């Protein structure tokens, strides 16, 4: 499991780091001011919908969101993008349709619940977020990432990839440890209780660290659980898992990662239950 998580995550982490360094080194700030509304509350749904264009997993979204903030994008909009990009992109939706053949409602439920969670978290940041919770962004560019041109791109890529890769390894180790320690017989106890099954799969999504492009196949295999519980697994996983929390802690600081991940987990579970009860 450790090897699988790392091997799945590294290519997308590299993709995200390349994109983030390209944004920081070559894209002028005026581009973002033209694309996103100046009002953060209006920029949040636009940024959430923009997550459709990045066909990657959560490993790629963290460095991209960090770079967006450093380039002047409102944190609320960047965080909405961070959550939506790994959950609503076309690759993930196609994989979900393949994993649940003949069940388009599950694909639609995943899209609606994931996008609703991302936008809700962006608006919550507009209302309650504080600048001191993002120390790395408040300080500005950061060591090599602040450079411009080819040299800044190269130095920033090396610095951020090695730093984030270390946290990816830590998250993968935690997920693999859980997979060995917790017996399957303990999981079977929860399958008969609807609410407990939702909470259990939401917790499993955090600790198993399944890539967003493959988690639908894992969810489809959990036939003993209700559709809403499996939806919660697919909504929570791309937004809150151990390796993602570790990447956020390494990029934005532990204080931010704990607050943001905890609230995101609650919002994702509530969104899954509401959308699942409506569409499934």
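Please treat every number below as a calculation from the coordinates, not as lab data. The model shown is predicted, which means the values in this text are computed figures rather than measured ones. All Cβ positions, even for glycine, are placed from backbone atoms using ideal geometry, and neighbour counts span all protein chains on display.
Arranged from highest to lowest average of other beta-carbon atoms within 10 Å per residue, in what order do the peptides 196-208, 77-89, 251-263 appear?
Details: 196-208: 21.1, 77-89: 29.2, 251-263: 17.5.
Top of the packing list down: 77-89, 196-208, 251-263.
Give me 243, 130 sorted ascending by neighbouring Cβ count inside 10 Å, so fewest comes first. Kindly include the intermediate steps, with their values, before the conclusion.
On the way: 243 29, 130 10.
By the 10 Å Cβ count, ascending, the order reads 130, 243.
Pull out the extension gain between residue 221 and residue 46, defined as 0.36 nm times the separation in residues minus the alpha carbon to alpha carbon distance; nm, one decimal.
Extra length available between residue 221 and residue 46 comes to 59.6 nm.
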